[in-house]
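Notes follow once the structure below has been shown.
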Amino acid sequence: MKRYDALIIGGGHNGLVCAFYLARAGLKVRVLERRHIVGGAAVTEEFHPGFRNSTASYTVSLLRPKVIADMRLHDHGYRVIERTISNFFPFPDTYLKLGGGAARTQAEFARFSPRDAQTFPAYEAALERVAEMLRDLSLKTPPNAHGGIRALLAAASQGRSLARMPLDAQQDVLDMFVKSARDFLDGWYESDTVKTAFAFDAVVGNYAGVSTPGSAYVLLHHVFGEVNGKKGAWGHSVGGMGAITQAMARACADAGVEISLEAPVARLLVDGGKASGVRLESGEEIAAPIIAANIGPLLLYNQLVAPSDLDANFKRRIAGFKAGSGTFRMNVALSELPDFTVLPGKSKAEHHTAGIIIAPGMDYMDAAFDDAKKFGWSRAPIVEMKIPSTVDDSLAPEGAHVASLFCQQFAPELPDGRSWDDVREQAADHIIDTVTAHAPNFKASVIARQIHSPLDLERKFGLIGGDIFHGRMSLDQLWAARPILGHGDYRGPISGLYMCGSGTHPGGGVTGAPGHNAAHEILRDRSLLGRLLG
């Protein structure tokens, strides 16, 4: 039986980050990836001859600068192009462009509400104060319930950043954690068009409406990132998202990490109450005293850990962990760029390089969620389209393009016992028609498409319920309660088992933070001081 100091289950970006830090500290590490390609949901694949795209995750902002620097990703080919404007919103008879600097955004808002244009700088400053706190907390391990001296010290340290904030900023923090996006934005803006430009972030990957309590936090989660040192910006990874994880894989290889592809894990091995290794689906057993799982909590504890190795209380609580993000993901090959009714033209323009958001109104977004709950998917879905080939011509043949369609709201499980296998093509047609209603040439320009229903996302990437965050980003599943209280510090209920995926703090997105934090807790446990404090 081969032996290692640590095994990583899942070769997604967080698993690679965790493996890198452990190997850099001198551990013998092996990554076990189920698919034929490393990267998890952050991969670039050819889906039609000559057309390549980021298959699932499709844009970058949240990857922590410390991780980029520590792994020296720029030396391994990491390159990100910032968007000129962040988003373009086509409405039935007008449009809104978001981004391009504060002055430009104010001028755009003034077309709909002079008051909202004046409000924008204060709103942006308020969000930035809260986002800065999240950036600081993202690379810190949450205090663990019943965690002894270490937890007390962590709680005191992390609480100081909130306590030092002005009272109005503390109120903003409270509002964003408990209010709906609608209620939060109603407190700032009067124009529904302006509010829509921000409310969209509250439903990205979130099976909820803009009126759902707690949805304001998801709005915030999408603005604490940065691109090339510019806070709040979003960008395109040259070569697609797979270029990021390939750069990470090269950094891992330089550090001595062994990466195994097509090596699906069937079972966590436990001996005397401690993790002792894994058994692959092939039957091969690999020994290691440290197992870090870069998969969602429901996949880990429902499929890879034997029920007899978990106590009844833990099983009951983890069964209550909620997953399912209402996401339907498509990639399409295009013969030409979309020609929007409200902003005509098929030649490349700045709005083609932005995130193109079809979500014309707060009520539209709430209705999409209501429909999904009743019928399985929305009669008028929310669609974000990104056309990365407008800034990266390596992805498509000359003159052609690729587009990512990131769509909400599509129920993780359909009502009446239906399967997504039976209706995925119908839903895809509906999405294409939704875009075509705003860009009449779109449907005819589609050469090929790749479809990922919620069920497809679960099968292909291990995302239970199609949940891109590995679990709902609600107040009861954040910080020290992610995935559940008592295990928010990346340590599982079995000695030697750790969690390093998006089902832990600070949650979903390509951040690298869970992998970074879990590795540091593993190394702390191996140290004498860590064992004494624990």
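Under a 5 Å amide H cut-off, with hydrogens placed 1.01 Å from N, residue 39 pairs with 11, 12 among residues at least 5 apart or on other chains.
Here's the list of aspartates and glutamates a cross-link from residue 348 could span, going by alpha-carbon distance under 17 Å and ignoring same-chain residues fewer than 8 apart: 82, 336, 339, 392, 393, 398. Between residue 69 and residue 394, the C-beta separation translates, for a Förster distance of 35 Å, into a calculated FRET efficiency of about 0.85.
Per residue, the average separation of C-alpha pairs within less than 8 Å and at least 6 apart gives the range 172-222 a relative contact order of 48 percent. Within the accessible area of the range 422-534, the carbon and sulfur atoms contribute 56%, probe 1.4 Å, all protein chains present. Applied to the range 31-48, the Karplus parametrisation 6.51 cos²θ - 1.76 cosθ + 1.60 on θ = phi - 60° returns per-residue 3J(HN,Hα) values of 9, 10, 10, 5, 7, 7, 9, 7, x, x, 7, 9, 9, 10, 9, 7, 10, 7 Hz, with x for Gly and Pro. Here the range 266-313 has 45 percent of its accessible surface on carbon and sulfur atoms, given a 1.4 Å probe and all protein chains in place. The candidates 58, 490, arranged from most to least accessible area with a 1.4 Å probe in the full protein assembly, appear as 58, 490. Working from Cα pairs under 8 Å separated by at least six residues, relative contact order for the range 250-350 is 16 percent.
So for the chain: antiparallel DSSP bridges make up what percent, rounded to the nearest 5?
70 percent
Placing pseudo-labels 7 Å out from each Cα toward the beta carbon at residue 128 and residue 476 gives an inter-label distance of 3.7 nm. Residues in the range 411-534 average 37 Å² of solvent-accessible surface per residue, probe 1.4 Å, ligands and nucleic acids excluded. With a Förster radius of 25 Å applied to the C-beta separation of residue 102 and residue 460, the computed FRET efficiency comes to 0.05. For the range 52-97, applying the loop criterion from DSSP together with a ceiling of 16 other beta carbons within 10 Å to the trypsin sites (Lys or Arg not before Pro) yields 72, 79. Segment residue 230..residue 253, full-extension length gain: 5.3 nm, with 0.36 nm per residue of separation and the alpha-carbon distance subtracted. FRET efficiency for the residue 3 to residue 281 pair, using the beta carbon distance and R₀ = 22 Å, is estimated at 0.65. Contact order, relative form, for the chain: 24 percent (alpha carbon pairs under 8 Å, 6 or more residues apart, mean separation divided by residue count). Adding -39500 (n - 2.57) for every DSSP H run of four residues or longer, then dividing by how many residues the chain holds, sets the calculated 222 nm ellipticity at -11000 deg cm²/dmol. Once the chain from residue 115 to residue 446 is taken as fully extended at 0.36 nm per residue, the excess over their C-alpha distance is 115.0 nm. Between 419, 389, 399, the Cα set farthest toward the positive side of the dipole of the range 367-430 (charges on each charged residue's Cβ, about the Cα centre) is that of 419. Does a label point 7 Å from the Cα of residue 188, set along Cα-to-beta-carbon, have any residues of the range 349-393 with amide nitrogen under 20 Å, and which are they? Residues 355-366 qualify, since their backbone N sits under 20 Å from the label point. Each of 343, 143, 90 was placed along the dipole of the chain (beta-carbon charges, centred on the mean Cα), and the one lying farthest toward the positive end is 143. By DSSP, the beta bridges lying fully in the range 5-131 are antiparallel in about 60 percent of cases.
Derived scalar couplings between HN and Hα for the range 200-209 equal 3, 4, 6, 10, 5, x, 10, 6, 6, x Hz in order, rounded to whole Hz, by the Karplus curve 6.51 cos²θ - 1.76 cosθ + 1.60 (θ = phi - 60°), x for Gly and Pro.
Remark: the chain carries a charge dipole of roughly 1540 debye about the Cα centre, counting +1 on each Lys and Arg Cβ and -1 on each Asp and Glu Cβ. For the pair residue 370 and residue 46, the difference between a 0.36 nm per residue extended length and the Cα-Cα distance amounts to 113.1 nm. The phi torsions of the range 181-192, fed into the Karplus equation with coefficients 6.51, -1.76 and 1.60 and a -60° offset, translate into couplings of 4, 4, 4, 5, 6, 4, x, 10, 10, 10, 7, 5 Hz, rounded to whole numbers, with Gly and Pro shown as x. Considering the options 246, 314, 304, tell which one lies farthest towards the positive end of the dipole of the range 175-323, charges being +1 on Lys and Arg and -1 on Asp and Glu at the Cβ, about the Cα centre. Sorting the options by dipole projection puts first 314.
Isolated cysteines in the chain, defined as those with no second cysteine Cβ under 4.7 Å, comprise 252, 407.
The values are calculated or read from the model by the stated rules, or taken from the named source; none is laboratory data. None of these values were measured; they are calculated from a predicted model. When we count neighbours, we look across all protein chains shown, and the Cβ atoms used for this are built from the backbone with ideal geometry, even at glycine. For accessibility, only protein heavy atoms count, side chains too; no ligands or nucleic acids. Shrake-Rupley method; radii C 1.70, N 1.55, O 1.52, S 1.80 Å.
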